[in-house]
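Everything below concerns the one structure shown next.
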Amino acid sequence: MRFLRRSTTDTAAEEPETAEAVEVAGKSYTPGKGKATPKRRDAEAKRRGPVAPPPTTMREAMKRNKELRKANPQTKEERRAATKAKRDAMMRGDDNALLPRDRGPVKRYVRDLVDSRRNLLGLFMPLAIVVFLALLVPLPQVQSYITLLCTAMLLVMAIEGVVNGRKIAKLVREKFPKEAVNGRSIGWYAFVRASQIRRLRMPKPRLKPGDPIPD
């Protein structure tokens, strides 16, 4: 039964050829990694970590600025200059400096519509001060009259806000027919804008009452 076995001579003769083949294959063949090589920008983004979403509220923006100041300490003058530059950009209405709720041509158009009109809603904050002062008056009759007057004005303001919100939403749809306009969102944005004192509005009004709306 020796013919079923491989002779020692044959095995020894094949060993040099196998070793030589492995050596040649090692020089000309590079084994695969099992996955694609990532792009440079993807690798850098992975090292830096995920990008934080933009802040949606003023409080969140202030908190993030505080964390950035701790991570990147600057001099007091540099922080003041950076804060002033950012505030000036927000007052001018630069989209890059505004909060997401104020960005875009639609919101700019809504602000122009509100700022170009005289609204009774502009007396909302002064009226709140009057109500507070009325509570300090020791005369109950005077308090009742002032409370009744303020309640009537608040009712008129609410009606004005609803009517103006619908009108502004309609004008926005006509101005931007390709935009998906949410009537409630636009109406509320216009209501909040109109209820603020003109000097305290941000961004700063571009138009005065009676000015035409720019195209």
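The values are calculated or read from the model by the stated rules, or taken from the named source; none is laboratory data. A quick note: this is a predicted structure, and the numbers were derived from the prediction, not measured. Glycine also receives a Cβ, built like all others from the backbone with ideal geometry; neighbour counts cover every protein chain displayed. Areas reflect the complete protein model, heavy atoms only, side chains present, ligands, DNA and RNA absent. Shrake-Rupley method; radii C 1.70, N 1.55, O 1.52, S 1.80 Å.
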field: Positions within the range 183-203 being closer than 18 Å to R103 by Cα, touching a residue at least 12 places away in the same chain (Cβ under 8 Å) and of a type in the set (S, T, Y), in sequence order
entry: Y189
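Being touching a Phe, Trp or Tyr at 6+ places or on another chain (Cβ under 8 Å), open to solvent by 50 Å² or more (accessible area, probe 1.4 Å) and in a helix (DSSP H, G or I): is that true of R64 here? Write out each step before concluding.
Working: touching a Phe, Trp or Tyr at 6+ places or on another chain (Cβ under 8 Å): no; open to solvent by 50 Å² or more (accessible area, probe 1.4 Å): yes; in a helix (DSSP H, G or I): yes.
The answer is no for R64.
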- prompt: Quick check: anything in the range 137-158 of a type in the set (S, T, N, Q), surrounded by 11 or more Cβ atoms within 10 Å (Cβ to Cβ), touching a helix residue (DSSP H, G or I) at 6+ places or on another chain (Cβ under 9 Å) and in a loop (DSSP other than H, G, I, E, B)?
  reply: no
statement: Selection from the range 172-215 of residues more than 21 Å from L127 (Cα to Cα), of a type outside the set (A, V, I, L, M, F, W, C) and not in a loop (DSSP other than H, G, I, E, B) yields R173, E174, K175, G183, R184, S185, G187
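Residues checked against (1) modelled with pLDDT of 85 or more; (2) farther than 26 Å from P55 by Cβ:
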{"position": "A71", "(1), (2)": "no, no"}
{"position": "A89", "(1), (2)": "no, no"}
{"position": "V106", "(1), (2)": "yes, no"}
{"position": "R118", "(1), (2)": "yes, yes"}
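From the list A52, A19, A45, which residue is at pLDDT below 70, in a loop (DSSP other than H, G, I, E, B) and of a type outside the set (D, E, K, R)? Before the answer, list the steps.
On the way: A19 fails: in a loop (DSSP other than H, G, I, E, B); A45 fails: in a loop (DSSP other than H, G, I, E, B).
When all the criteria are applied, what remains is A52.
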query: For the range 159-188, how many residues meet the condition of being surrounded by 14 or more Cβ atoms within 10 Å (Cβ to Cβ) and β-branched (V, I, T)?
result: 4
field: The lone exception for F132 - which of (1) within 20 Å of the chain's Cα centre (by Cα); (2) loosely packed, with under 13 Cβ neighbours inside 10 Å; (3) among the aromatic types (F, W, Y) it fails
entry: (1)
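Condition test on A194, is it out of contact with any Phe, Trp or Tyr (no Cβ under 9 Å at 6 or more places or on another chain) and open to solvent by less than 50 Å² (accessible area, probe 1.4 Å)?
Details: out of contact with any Phe, Trp or Tyr (no Cβ under 9 Å at 6 or more places or on another chain): no; open to solvent by less than 50 Å² (accessible area, probe 1.4 Å): yes.
In short, no.
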query: Within the range 76-93, can you find the residues that are surrounded by 13 or more Cβ atoms within 10 Å (Cβ to Cβ) and within 19 Å of K208 (Cα to Cα)?
result: M90, M91, G93
message: Can you find, within the range 113-127, the residue that is surrounded by the most Cβ atoms within 10 Å (Cβ to Cβ) among those that are part of a loop (DSSP other than H, G, I, E, B) and charged (D, E, K, R)?
response: R117
query: So is V130 hydrophobic (A, V, I, L, M, F, W, C), part of a helix (DSSP H, G or I), touching a helix residue (DSSP H, G or I) at 6+ places or on another chain (Cβ under 9 Å) and within 30 Å of V181 (Cβ to Cβ) or not?
result: no
